[in-house]
Each structure stands twice: as C-alpha cells, then as structure tokens.
1. Considering only DSSP beta bridges with both partners in the chain, what is the antiparallel share in %, to the nearest 5?
2. According to a simple spin-label model (label point 7 Å from Cα along Cα-to-Cβ), what is the distance in nm between THR161 and ASP101?
3. For ALA175, enumerate residues with amide H under 5 Å from its amide H, sequence gap 5+ or separate chain, H modeled in the peptide plane.
4. Among rounded, prolate and oblate, which fits the chain when a ≥ b ≥ c are the square roots of the eigenvalues of its C-alpha gyration tensor, a/c under 1.5 means rounded, and a/b larger than b/c means prolate?
5. From the square roots a ≥ b ≥ c of the eigenvalues of the alpha-carbon gyration tensor of the stretch 1-143, which class results: rounded (a/c under 1.5), prolate (a/b over b/c), or oblate?
6. Quick check: net charge around ALA185, other residues with Cβ under 14 Å of its Cβ, Lys/Arg +1 and Asp/Glu -1?
7. Where in the stretch 163-249 are there GluC sites (Glu not before Pro) that are in a DSSP coil and have at most 11 other Cβ atoms within 10 angstrom of their Cβ?
8. Order by neighbour count: THR17, THR149, THR155, fewest other Cβ atoms within 10 Å first, most last.
Amino acid sequence: MAQIIALYSVKGGVGKTASVVNLAALSALQGRKVLLWDLDPQGAASWYLQAEPASAPKIGQLLKAKSVALGLRPSQHRNLSVLPSDQRYHAMEHVLAEKKDAGFRIAKVLDGLADDFDEIWIDTPPGLTLLGDNVLRAADLVLVPLVPTHLSERTWFQLKTHLGNEKIKPGKLAAFLTMVDRRRALHRDFYTEKKIEIPELLPHEIPYAAIIEQMGDDQNPTVFAHAKHPAAQAYFQLWQAIDQTMKQR
Ligand SMILES: Nc1ncnc2c1ncn2[C@@H]1O[C@H](COP(=O)(O)OP(=O)(O)OP(=O)(O)O)[C@@H](O)[C@H]1O
Ligand SMILES: [Mg+2]
C-alpha cells in the first residue's frame, strides 16, 4: 500500500507546488515508485513535470477508484508518474459536495491507486475547503510549508483549529520553513523562537532561492536540474527528515 503524503496550507503561494515536485522527484530518484497527484486546478505541478494531458478524464471518472487510473501519465523521469490536473477540475469542490461520502471520497479513490505505487504525493490548492478536508483525512502525512512570517504562522494555527473542528487526527501534521531569507532577523530567528509553540516544525528549511523560481524555465525539478545547488541540497535534507518521519509511523 502506498504511503500518502500531501503538501497543504491554508495560505497560498507558500511553496507547496515547488516542494511537492522536488520532494516527489527525490523519492523517485531513490528508486521508489512514485505518483504525484495534482489536485490543484492551477495545474502547476503537472506543468512543471511536463505532464499536462491533451484530454483529461472527466471529474466523475477521476473521483472513482475503478476509473481514476485512466488519467495517469508518465513524467520525463524514471519512477515518477503524474495524475495531472486540468482547469476544468475547479468544479471538483461542487461535484464532491454532491457525493454521499463527500468528506471521504479522495481516500476511497486512492484505494484504486495505492497498490501500484510506493508513495503518492498530493499537491493541493490553498484554503480550507471540502477537497482540502478530503486530503487531510486521506493523507498519512500532511506537510505544511511555512514562510517565516506572522501571517503564515497564523494560518498554521487556523489549520490546527480546523483539524480539531473536523475531528481529523492532528498527529499527521508536520511543518517546514521555506523561502527563508537569512538576512532578515524574523526569518533567522523564526525556528528558534517558534519550535516550542510549533513542535511539528522540522528543523530543516528551504532557502529563498531564485533557482527554485526558475524551475519553470526548463520544467525540470530543481533537485534534478541543479542537484548541487544549496537549495536542492536543502530539499534533500528535508526529504531525508520526512522519510525518517514516515518510517517511524
Ligand atoms: N524556496 C523558494 N525560493 C524562491 N522562490 C520560491 C521558493 N519556493 C517557491 N518559490 C516561488 O514562489 C512562488 C509560489 O510558489 P508555489 O507555487 O510553489 O506556492 P504554492 O503554495 O504552491 O502556491 P498556491 O497556493 O498558489 O498553489 C512561485 O513563483 C515559486 O517559483
Ligand atoms: Mg501550488
């Protein structure tokens, strides 16, 4: 059975997609059979991995365990498949809402994929949504990128409250800092000052690095295109920590 790892945050633009692409790529590089399911209708992860479909399955097909695999696409990389998104999937929230099992549908659909992969990484749109709740329930590990700012921190606590309200196990959350600019005191001191308040915060951080923004230039994960760059090395260290966390579960 595949382990399910989701990148999730209430706040947008915090590095979910950049992180899921690089972390899933690192798992594939280790020889794991990996699927990246792009559940964000922006389709950025699908685009980064050059896996945008000519014609994507309809939402109805995507939301059934027996037909979800119809949408699978290979990436350019060994061991890494993609279940791409499509702009039309913005309607998924409404389609889900009409299902009897609206809050658990994605978990059920994942059953149709779990035997074929070692790991399934999920990219999500930002916000507290029904789709988000589905992912929060289905995932074994929910990784939350935090930019070291007050607003990002605030949304972390909103997420924790939300999990409590929805009765979703909080133990599956882990956070990491991203877009860290060590020239700024707020960024430099964030981990030390917040590690007690946010015990789920991993001590590994991703720096602010233009090379990550440039991933769109060649649509190739940074960890492949610039493996020796400090930002790629930071992703590798984060990946190792996540891998350890998963083994302890
Ligand atoms: N470590 C980083 N250093 C510099 N730029 C970064 C870094 N991580 C991500 N970015 C850039 O920041 C922007 C937002 O990143 P990304 O799309 O990964 O965030 P997101 O959380 O997935 O956003 P959304 O909520 O819209 O899905 C992108 O332009 C991306 O290239
Ligand atoms: Mg994104």
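Rule-based calculations on the coordinates, nothing more; no lab input. These numbers were taken from a predicted model, which means no experiment stands behind them. Cβ atoms come from the backbone with ideal geometry, glycine included; neighbour counts cover every protein chain shown.
1. Roughly 5 percent of the beta bridges in the chain run antiparallel, per DSSP.
2. Between ASP101 and THR161, the label points sit 3.2 nm apart.
3. Close amide H contacts, sequence-distant or interchain: VAL144, LEU201, LEU202.
4. Oblate shape, in that a/c is at least 1.5 and b/c is the bigger or equal ratio.
5. Values: a/c = 1.34, a/b = 1.24, b/c = 1.08.
Rounded is the answer for the stretch 1-143, as its axis ratio a/c remains below 1.5.
6. For residues surrounding ALA185, the net value is +2.
7. On the way: sites: GLU166, GLU193, GLU197, GLU200, GLU205, GLU213; in loops: GLU197, GLU200.
Listed in order of number, the matching sites are GLU197.
8. Listing THR17, THR149, THR155 from fewest to most nearby Cβ atoms yields THR149, THR155, THR17.
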